[in-house]
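Just so it is clear, none of the values below were taken in a lab; they were calculated from the coordinates. Computed from a predicted structure; not experimentally measured. Glycine also receives a Cβ, built like all others from the backbone with ideal geometry; neighbour counts cover every protein chain displayed.
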Amino acid sequence: MKIIMLGAPGAGKGTHAKGIVEKYHIPTISTGDILRQNIKEGTELGKRAKGYMDAGELVPDELVCDLVVDRLEKDDCKDGYILDGFPRTIPQAEALTEALKEKGMAIDYALDIEMEDQAIIDRMSGRRVCAKCGATFHTVNIPPKVEGVCDNCGGELQLRDDDQPETVKKRLGVYHEQTAPLIEYYKGQGILHEIDGTLGIEGVAKAIAAVIDK
Ligand code: AMP
């Protein structure tokens, strides 16, 4: 089962991908996580990506396309995977379609988690990420047991640089301009499913299950 999570930044792609992982035991490949890990490790890729990410812009297609295609070759992807945050542009989607086609494969489902911009801005201002293990919390929706402290590892919870309100607005602009056209692209391939992102974690999980368990 090969799934793409679409939707604006903050619509809950990562959260809902986690639910699918637990149920279907396939890995999530998050380009945002891979890039942040590279920044943390100070790799060449991390150095090249950081400026774009801090500014709320997309990193150039050539930095992410090969990275994802190589990752999909790994053994843990043989029964499927969830792509979270990739593709984000039409050229990325085309590169993915081509790379899969060469192997006689294709994406099964593109799930578009839909939410209004204002709801996303409100939601992202409460998002907190563990500086140590990367776990995600929310001051209102998924509060940690102790304020500011990660439930999993005790690390410090922080507001990500690119979750600052001004950067969120910039990222939403980038989403509408460069990523939203993917909705039509996958509709054209007959694999797009629209999911109401306001239903809450359980409601969205049910809506997703209704699509992929069919
Ligand atoms: P995310 O955690 O998915 O919201 O990604 C955080 C940031 O990483 C984005 O704002 C982009 O700067 C960068 N990024 C992640 N995935 C991609 C991608 N597929 N194409 C270009 N930039 C990306």
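When you filter the chymotrypsin sites (Phe, Trp or Tyr not before Pro) in the range 64-147 for DSSP loop state and at most 13 other Cβ atoms inside 10 Å of their Cβ, nothing is left.
Using the Cβ-Cβ distance between residue 149 and residue 39 with R0 set to 25 Å, the FRET efficiency works out to roughly 0.60. The aspartates and glutamates within cross-link reach of residue 18, meaning a Cα-to-Cα straight distance under 15 Å and a gap of 8 or more places when in the same chain, are 33, 84, 202. Pairs of lysines in the range 123-214 whose Cα atoms sit within less than 22 Å of one another amount to 4, provided the residues are eight or more positions apart or on different chains. Taking DSSP loops as anything outside H, G, I, E and B, show the longest stretch in the chain free of GluC sites (Glu not before Pro) there with at most 10 other beta carbons within 10 Å. The reported range is 1-72. Taking all Cα pairs closer than 8 Å and separated by 6 or more residues, the relative contact order of the range 30-89 comes to 38 percent.
Taken over the range 36-104, lysine pairs spaced eight or more positions apart, or on distinct chains, with alpha carbons under 29 Å apart number 9. Largest GNM mean-square fluctuation across 61, 70, 112, computed for the chain with C-alpha springs under 10 Å, falls on 70. The Rg/Rh ratio for the chain is 0.94, where Rg is the radius of gyration of the alpha carbons and Rh is the Kirkwood radius. Computed over the range 42-146, the P(r) tail beyond 18 angstrom holds 65 percent of alpha carbon pairs.
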